[in-house]
Every structure is written in C-alpha cells, then in structure tokens.
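Since every read-out is calculated from the coordinates, none of them should be taken as a lab result. Predicted, not measured: the structure shown is a model, and the values here were computed from it. Cβ coordinates were reconstructed from backbone atoms using ideal geometry, including for glycine residues, and neighbour counts include every protein chain displayed.
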Amino acid sequence: MKELKQVRVFSPATVANVNCGFDVLGFALHGLGDEMVLRKVAQKGIKITSVTGAELPMETSQNVSGVAGEAMLNALNLDYGFEIEIHKKIRLGSGVGSSAASAAGVVFGINQFLKKPFSNLELTRFGMKGEAVASGNEHADNVAPCIYGGFTLITGYDPLKIVALPVPRDLFVTIIHPHISIKTREARELLPQQVSMQAAIQQSGNLAGLVAGLYENDYELIGTSTQDALVEGHRKALIPHFDELKATALKAGGLAFGISGSGPSMFTLTEGIETARNVEKKLVKVLAKHKLQTDSYVSSISTSGNQVLERN
C-alpha cells in the first residue's frame, strides 16, 4: 500500500447546548465547515504553515489546532510530525463551533496516518485540549458531534462518556448569524454558579424528553423538550432582538428556537426543509428591518461528522 503523505479533511460546524443540554449535547451541520490539510514531515511535532479565512495565531501553543494536535502526538511515539494548513470557513465567534472544528479536524486528520487509529472517544478527548484554548475549559459538546456526526450526548466527563443519538430523517435546522461577535469565555462568565432545584428539574426533564423524541421520531416531543431553563435567560441580552426572533421562528413553524453555543448564532429546529426555509426567510426579514447584517443557513443534521476529502 502506498504511504500516505498528505490528507485534506473537512470538519463541520456544530450547534452545542441545544437549549436543554448545556455542555453535554450537540449536533453537526451538513455542508458548512472548515478544511484542513495535514502533511507528514520528518521533523517531529506540529507546525502551522498557513491560515486562510481568519486571523489566528501561527504559534502551535496558542492555536486550537496546534494544542489539540500536540496533545495527540504526546500520547504517541512517532518518528515524524505534521505541517498543517488551516482554511477557516466558519466565522470566528459565531457560535457554531469554529474552534471545535479546528480541534476536531486536526486530530481526525492525524488519525488517518496511524496504523492503530484512536477511537472517536479518544479523539474527542484530544480535541477538548484545543477547545480549552478558546473557551477556558475543556468541554466536548462541539468537538464530539464534529467527530461522531449527528447528535451526541456526553453522559460523563470523568471519565469521558459519549452516546451517539439517532437523527430523525426530516429534522432540519435553520441557522441565523447576525454579524456581531460573542466570545465563549465572556458568555460563560454571565452564568450563575448555582441554580434553583425547580430549574434543575425542569432542565433534566427537557433533556430526557429531547433524547426520547429523537429515538421515537416524535417531532412534537422534540419541540416541547428543546427548551432552556438555565442559560438562555442570562445570555439572550447579548443578542439584539432575541425575543422577537424567537417569536418569529416559532410562528413560522419552528419546533424550537435557541442560542447556538454561546451565540450570537441562533438555531431553529423544524420538521421538513420547506419549513426551515420559511423560518430562514422570516428571520432574515426581521434582522434586515433592524438593519443588522446577517448570514443564514438551512441544513439537515449531518450524520457523518469529519470527512476525508483527499488523500495522497
């Protein structure tokens, strides 16, 4: 077999938290994501040779991809290293997993060169090291769906446990991204360290209901369960016209509406692509009325996650 010298990988955008699953739930989007090229070289370690689409540090120790890649190499005893090109197509600070795509993409790419590849669980653990550079803590709700695809549920962090959840065929998502920036680290600082018993009970019931809805293909249950009793009330003030956008999305047929990750992107779950497109049209109109520039995107839930685009 010909020796693999270079691989180009795709790493998808993701929606994390999904309202009722703060730091434990996420899903992958279809078609929207970053690309990375990994090149095997004689020199050990990770060297970032180029970044396009965003201004990011080239120093390995300060770059999400570099930190995740080095964490993986530290667990191996390789006599070679990698040069990495990063082609960002996900806006930084957009709330759809830009840093996670970088972290997951590099560890997925390195895995293609190994005779004994790491499992998805192990790759997620390495990717979390990179996520900490961007957010200040190691969390997997974006990295896991990047690597596994579909919906993923983190049932434990110590030790890390991840469950891949089923994806109903007609479940679609509309993403709306107003051109403002929210840093994950700053958004986390808004959250209380303690919550009421009532809110905790409500949130756990919502998360259980969403999981059940996914297994049962029950769109009504998915809609009524994808509600946030803990985080949305604290973070929505960071997003202009949030309440108006939410009311508009639900009136247009959305099952559920919420903040994607720490924002400013917002997501609407729908049954069917036509409803998703109708929601998109209505939300773009609201933001245009308020003279806010925005990007929008309609997607199915990607069940494949990271993908190899080219090997040579």
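Between S50 and L250, the modelled labels are 4.8 nm apart [label points 7 Å from Cα along Cα→Cβ]. Segment L190..S61, full-extension length gain: 43.7 nm, with 0.36 nm per residue of separation and the alpha-carbon distance subtracted. Our note on the geometry: Cα centres of the stretch 176-212 and the stretch 103-147, 23 Å apart. When the Gaussian network model of the chain links Cα atoms closer than 10 Å, the mean-square fluctuations of A68, A54, A13 top out at A54. Put simply, the amide H of L25, placed in the peptide plane, has neighbours under 5 Å in N17, I154, leaving out anything fewer than 5 places away on its chain. Number of Lys-Lys pairs in the stretch 171-300 with C-alpha atoms under 25 Å apart and a separation of 8 or more places or on different chains: 23. Please report the relative contact order for the stretch 171-300, taking Cα pairs under 8 Å with a sequence separation of at least 6, and give it as a percent rounded to a whole number. Computed over the stretch 171-300, the figure is 41 percent.
Of all the options Q194, Q202, Q293, the one that moves most in a Gaussian network model of the chain with Cα springs shorter than 10 angstrom is Q194. Near D141, once Lys and Arg are set to +1 and Asp and Glu to -1 for all other residues with Cβ below 10 Å from its Cβ, the sum equals -2. The dipole here belongs to the stretch 171-300: it is taken about the Cα centre, uses +1 on the Cβ of Lys and Arg and -1 on the Cβ of Asp and Glu, and is about 580 debye. Could you pull out which residues in the stretch 68-87 have an amide N less than 12 Å from a spot 7 Å beyond the Cα of E138, following the Cα-Cβ vector? Label zone hits: 68, 71-72.
Near L38: Cβ cut-off under 9 Å, other residues only, Lys/Arg at +1 and Asp/Glu at -1. The net charge is +1. Annotation: extensible slack from V284 through I180 equals 36.0 nm (criterion: 0.36 nm per residue apart, minus Cα-Cα distance). Bridging of K40 to lysines at a Cα separation below 27 Å is possible for K2, K5, K88, K89, K115, K116, K129, once same-chain residues fewer than 8 apart are set aside. Here, the stretch 171-300 is characterised by an Rg to Rh ratio of 0.97, where Rg is the alpha-carbon radius of gyration and Rh the Kirkwood radius.
Taking the chain as a Gaussian network of alpha-carbon nodes connected by springs under 10 Å, the highest mean-square fluctuation of the residues A134, A208, A252 belongs to A208. Counting Lys and Arg as +1 and Asp and Glu as -1 over every other residue whose Cβ lies under 14 Å from the Cβ of K285, the net charge comes to +4. For volume of the Cα convex hull per residue in Å³, the value computed from the atomic coordinates appears in the list (i) 117; (ii) 148; (iii) 128 under label (iii).
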